[in-house]
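Comments concern the structure below.
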Amino acid sequence: MAAADFRTAVSAYLQELAEVRLASPHTIAAYRRDLGAFGEHCGNIGLQQITRLQVQDWLVVGHAKGLAAATLARRLSALTGLLDSAVQAGICPANVAAGVRPPKKSARLPRTLPPEQTAALMQPTHASADRRDLALLAVMYGAGLRVSEAVGLDLHDIDLHSCELRVLGKGSKQRIVPLPTTAADLLGQWLDERLLGLVRDERAVFLNRFGQRLTARSVQRMLKTRALESGADISVTPHRLRHSFATHLLAGGVDLRAIQELLGHASLATTERYTHLDIAKLTEVYDRSHPRAGRRDS
């Protein structure tokens, strides 16, 4: 019965995150894995039986297994949120995870690709899906998108004339980002080719060979293949393209607040207050600093 109670509570909490707090599918999936791992660690005991020591032990075991500090911090956040929800529902008298200190995150900078390697990844190949892949990579690196944001693009999110994208980010927050002319041209070429192939998802910009929306996993596989063929770092991931976008702009002297807006982050530096910049200012700093920038006249 305890196991059923735990799993029921987890399901209810995840549903609340999705429907009330509008958490992203990525966050929901991660929390589902995290809470499932805690249930396995503790034998799916009842929520009222969970102790502070068990929470700490779970994190220690995860650390011993080599889990990253960021992963352990997210695990603790997932469990703390679940128990907060249980306290509010009157299931638990107190949140035993509250006050448990999360592991410190590494201060080292995220790994990036040098500009010449990003350029190598975007060289034409003889692959059948090359036009789609070139457009996708140009959009991801040119606009600094998360892979989920890129594959989630719909046709109505694109304005090729203005070279802008409407992006649905974490927490269902929308932002407008500028797109380099080179990326817009490649995207336009793909959209022309898209009309000639199998189309089952009428809204999606990027389709697989079955005419359905491309998945993040497929993008990861494609990126690995192109890295092998181009001689780029084979450990490249979609998120490293995003890190590279931000790092290359920083190297060009762009203000952190502008990059914060472009990436859709609540904060790039925890000590800096969020500052809103309008789209005209973002476009100005983008054109001046991004290595693949260059936009059409309106």
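Read-outs: derived from the displayed coordinates by stated rules, not from any lab. The structure displayed is predicted, hence computed values, not measured ones. Backbone-built Cβ (ideal geometry, glycine too); neighbour counts: all protein chains shown.
Using the Karplus relation 6.51 cos²θ - 1.76 cosθ + 1.60 with θ = phi - 60°, the per-residue 3J(HN,Hα) values for the range 155-170 come to 4, 6, 7, 9, 10, 5, 5, 8, 6, 9, 10, 9, 10, 9, x, 5 Hz, with x marking Gly and Pro. Calculated FRET efficiency, residue 48 to residue 170, Cβ-Cβ distance, R0 = 45 Å: about 0.90 to the nearest 0.05.
Straight-line reach from residue 224: taking Cα to Cα under 17 Å and skipping same-chain neighbours fewer than 8 places apart, the aspartates and glutamates in range are 116, 130, 133, 233. Bridging of residue 170 to aspartates and glutamates at a Cα separation below 17 Å is possible for 16, 19, 149, 154, 157, 261, once same-chain residues fewer than 8 apart are set aside.
Computed log10 I(q)/I(0) for the range 135-276 at 0.16, 0.18 Å⁻¹: -0.89, -1.11, from the Debye equation with unit scatterers placed on every C-alpha and solvent omitted. Between residue 68 and residue 100, the simple spin-label model (points 7 angstrom out along Cα→Cβ) gives 2.1 nm. For residue 88 and residue 60, a Förster radius of 22 Å and the Cβ-Cβ distance give a FRET efficiency of 0.20, rounded to the nearest 0.05.
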